[in-house]
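Below is one structure; the comments refer to it alone.
The values are calculated or read from the model by the stated rules, or taken from the named source; none is laboratory data. Being a predicted model, the structure only gives us computed values, none of them experimental. No Cβ is skipped: glycine too gets one built from the backbone with ideal geometry, and neighbour counts run over all protein chains shown. SASA here: full protein model, heavy atoms, side chains in, ligands and nucleic acids out. Shrake-Rupley method; radii C 1.70, N 1.55, O 1.52, S 1.80 Å.
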Amino acid sequence: MEQELNDLSSTLINIYQKNLIFLQESFPEVYKEVDNFSKKLENQEIQEKYSLEYVDGYFDILNHENNGMYYFTNSYEDADKRREFVDFSQSSSLDLLRKIPGSNKLITGVSYKEITPIINFINDNVDMDNVKFEKIYKFIFIGTGLGIHIQEIDKKLKPYTTLIIEPELEIFRLSLFITDYSVFDEGNRKLFLSVGEDKGKRNFVLELFESHHEYMNYNIKYYNIVKSNEYIKDEINEYFSAYTVIGFSYRYLLQNFFRTVSIMKKGEKFLSFYKARERKILNNYKVLIISAGPSLDNYIDWIEKYQNEFLIICVDVIVKKLEKHNIVPQIVISIDPSERCADYLTTENPSFLNKSAIVFHSQQPQEVLDAVKGKHCYFSQFLNVVPELGTFGSSTNVGTYSLQMAVLLGAKSLYLIGNDAAFNQETGMRYANDSSNVAQDNLNIKTDNNAISYTDVIEVKGNLRERVKTTNRLLTFKIEYETKIYLLKREFDCKIYNMSDGAYIDGMEPITYENMQNDVQEFEQIDISILNEFNEISQLANEIDFVDSISLINIIMTKIKKYQKNKFKNKNELLGAKLELTAWIYEQLQDEKYNIFVTIFMKYNELSDIYINFILNIKQKNIFTKESLNKISNIWAVGAITIFKEMKDIIKIK
């Protein structure tokens with residue numbers, strides 16, 4: 001018996017050591033946390049909360065705080081039962097293919113019209129009520145326990161991409177003695193880990209997981225081992241309610257490529273990311289970023305009184321409200337590629353913004369540029385058309401982009417108002433009074449939080465109050481803020497204060513103007529020539545030349561037309577030929593000067609592949625006929641040719 005226990009102990013130590021080597025090579029941050037924790041235990045700097053226990057032939061975890069066990073049963077038998085519960089259906093999964101409300105039919109739209117025939121094929125031929133997959137490509141495990149159930153479920157489903165989230169570092173450390181995590185990262189498989197992290201870091205890992213092999217993001221299975229981790233499942237639902245396979249499509253990128261080239265050809269000023277990073281023009285100022293959320297109404301008089309103590313950055317939709325209160329922003333940010341922005345920036349006093357720097361994404365229509373003609377306008381590349389300029393990144397949320405821009409310009413102390421990510425709790429209004437937008441939400445809370453719908457009203461942690469009501473649509477702003485802030489704080493030393501009476505946002509410190517009343521009176525008044533500073537970090541970009549790109553695009557289009565002549569007998573032939581062609585295209589576009597072309601084609605290819613891979617991965621009779629396979633292949637090829645032809649037309653602009 002003693003020899004058996006010694007052998008068992010030796011086995012556990014070997015697994016643990018193997019895991020440490022794996023973590024050190026593949027997840028150095030996780031390794032560092034585990035190693036530091038182990039050293040603190042050894043040095044008795046901390047007391048263990050959990051310990052590994054061997055009970056009647058199985059392992060369990062003893063909680064020293066309540067003397068309770070984690071499993072309360074044979075952990076191996078428990079894992080077998082959990083394995084049986086998980087299958088190849090759509091149950092316990094995130095269905096990411098957007099559907100028409102109240103229907104199982106998939107949504108189609110003009111923003112991805114080249115892919116619509118593939119979606120129509122699915123709507124006409126796939127039994128969407130009884131979807132079962134041949135393979136599971138993406139899986140999320142919430143909670144590790146000792147990892148035994150993870151091993152068993154993995155053996156059954158064999159997912160290619162796995163995300164494991166364990167909020168307690170000490171639990172994960174114990175699992176390292178039992179479960180060999182290296183197997184999830186072998187060959188063509190990929191593992192993502194989030195261990196003992198806060199929500200911002202979890203969102204960052206979720207983004208990495210989601211962006212890895214995006215073409216498989218039609219369905220993601222998940223399994224939660226303990227009820228206490230339900231909040232993490234809710235976070236994942238929140239994240240993927242913001243992510244949509246039909247959002248930010250390749251057509252959107254094509255439109256913005258066209259507008260960027262057109263603006264450059266007109267000789268407009270473009271901000272240089274590299275010059276901005278070097279000069280850090282906002283380094284010495286208290287920066288107030290004003291967005292259009294309803295909380296602004298409670299602060300507008302206070303801002304008017306203390307406006308000279310802040311360098312004010314505002315979003316375009318709130319300019320008219322600021323004008324009514326004689327609050328002149330140093331910087332105005334406008335990124336929406338919509339004609340509506342012309343109205344946002346048209347003030348009652350035509351000279352109101354004469355001393356302000358107006359920063360655009362390089363995607364505005366001519367109507368917007370006409371509205372600010374004669375004013376001081378600067379453009380940031382939406383796409384990396386000219387690599388020498390660099391890009392300040394992109395965002396679907398002008399408030400998030402304003403924060404990112406401010407930090408990249410050197411700001412260290414930032415105060416935000418109007419970034420509620422929630423509606424007014426009494427009226428349901430999404431925007432402050434007198435802003436250029438008006439919208440109202442239903443105040444009734446939806447009880448089923450498992451469904452992913454933009455219009456659902458749910459309750460979340462508040463910033464200045466315990467709970468607030470909001471919608472999944474508004475929560476997308478919160479999620480984007482949290483992800484951006486986590487990334488910014490990894491590189492920049494900045495303090496971000498949130499004065500809004502909306503949803504709590506990780507990475508921001510809640511504060512009210514009453515709390516900072518004494519501090520603001522000590523702030524130095526702003527003294528900066530913002531236009532001179534912006535002129536120093538900008539340059540013209542009207543000498544771009546794509547002449548040599550035209551011949552390459554012609555070669556690529558010819559290659560795709562040749563591919564169209566293929567006749568496939570089975571789906572493996574189709575996948576193999578298509579993979580070979582796309583790999584060849586990416587190889588042709590690998591030079592940095594072709595960044596824009598590979599970005600747009602990749603977006604088209606990933607979106608179309610989500611639907612194609614969904615079709616090719618389902619178990620259904622009579623769907624993989626030769627006729628169907630060749631139809632799908634041809635739809636993809638026609639779309640790819642269309643995309644490259646439009647890119648060629650854009651670069652011919654004079």
* Structure fact -> Beyond 18 Å (Cα-Cα) in this structure, taken from K113/K593; K113/K631; K49/K81, we find K113/K593; K49/K81
* Structure fact -> Residue ranges of DSSP H helices in the chain that stretch 24 Å or more (Cα, own long axis) and have mean Kyte-Doolittle hydropathy of at least 0.5 are 595-616
* Counting DSSP beta bridges with both ends in segment 310-407, the antiparallel % (nearest 5) -> 0
* Mind checking which lysines have their C-alpha under 20 Å from K305, skipping anything on the same chain fewer than 8 residues away? -> K286, K320, K321, K324, K355
* Where does the longest stretch of the chain lie that holds no GluC sites (Glu not before Pro) found in a DSSP loop with 15 or fewer other Cβ atoms within 10 Å? -> 187-338
* Extension gain from S529 to E573, taking 0.36 nm per residue of separation minus the Cα-Cα distance -> 9.5 nm
* To do: Only Cα pairs under 8 Å and at least 6 apart count here; give the relative contact order of segment 540-654 as a rounded whole percent.
  => 48
* Asked: Which listed residue (I610, G200, S500) has the Cα farthest towards the positive end of the charge dipole for the chain, taking +1 on Lys and Arg C-beta and -1 on Asp and Glu C-beta about the Cα centre?
  -> I610
* Structure fact -> Of the residues N130, V110, I165, the Cα lying farthest along the dipole of segment 90-193 towards its positive end, which is defined by charges on the beta carbon of Lys, Arg, Asp and Glu, belongs to V110
* Mean separation of Cα contacts under 8 Å (6+ apart) over length of segment 1-160, as relative contact order % -> 16
* **Label of the coordinate-derived value, mean projected area of the Cα convex hull in nm², listed as (1) 27.2; (2) 32.7; (3) 34.4** => (2)
* the chain, accessible area per residue, ligands and nucleic acids excluded (1.4 Å, Å²) -> 45
* Computed magnitude of the charge dipole of the chain (debye, nearest 20; Cβ of K, R +1, Cβ of D, E -1) -> 3120
* Taking amide H positions as placed in the peptide plane 1.01 Å from N, state which residues far from F423 in sequence (5 or more) or on other chains have amide H under 5 Å from it. => T471
* Asked: Rounded to the nearest 0.05, what FRET efficiency do K305 and R189 have when you use their Cβ-Cβ distance and R0 = 60 Å?
  -> 0.50
* Structure fact -> Once the dipole of the chain is set up from charges on Cβ (+1 Lys and Arg, -1 Asp and Glu), the residue from the list Q381, F240, I290 lying farthest towards its positive end is Q381
* To do: Express the carbon and sulfur contribution to the solvent-accessible surface of segment 80-213 as a percent, rounded to the nearest whole number, probe 1.4 angstrom.
  => 49
* Over the chain, what is the mean sequence separation of C-alpha contacts under 8 Å (at least six apart), divided by residue count, expressed as relative contact order in percent? -> 15
* To do: With r as the distance between the Cβ atoms of S262 and S628 and R0 = 45 Å, compute the FRET efficiency 1/(1 + (r/R0)^6) and round to 0.05.
  => 0.65
* To do: Quick one: what are the phi-derived ³J(HN,Hα) couplings along segment 410-425, Karplus 6.51/-1.76/1.60 with θ = phi - 60°, whole Hz, x for glycine and proline?
  => x, 5, 10, 10, 10, 10, 10, 9, x, 9, 5, 6, 7, 8, 4, 5
* Label-point separation (nm) for R279 and K559, each offset 7 Å from Cα along Cα-to-Cβ? -> 4.1
* Kindly flag which residue pairs out of K39/K158; K275/K645; K201/K603; K461/K484; K105/K138 have an alpha-carbon separation exceeding 29 Å in this structure. => K39/K158; K275/K645
* Asked: Gain in length, E459 to L540, computed as 0.36 nm per residue apart minus the alpha-carbon separation, to one decimal in nm?
  -> 24.4 nm
* Dipole magnitude of segment 92-219, debye to nearest 20 (Cβ charges: Lys/Arg +1, Asp/Glu -1, about Cα centre) -> 240
* Calculated [θ] (222 nm, deg cm²/dmol) that DSSP helices of n ≥ 4 give over the chain, each run adding -39,500 (n - 2.57) -> -13500 deg cm²/dmol
* Asked: Considering only DSSP beta bridges whose two residues both sit in the chain, what percent are antiparallel, to the nearest 5?
  -> 35
* Report the extension gain between E348 and E77 in nm, rounded to one decimal, defined as 0.36 nm multiplied by the number of residues separating them, less their alpha carbon distance. => 90.3 nm
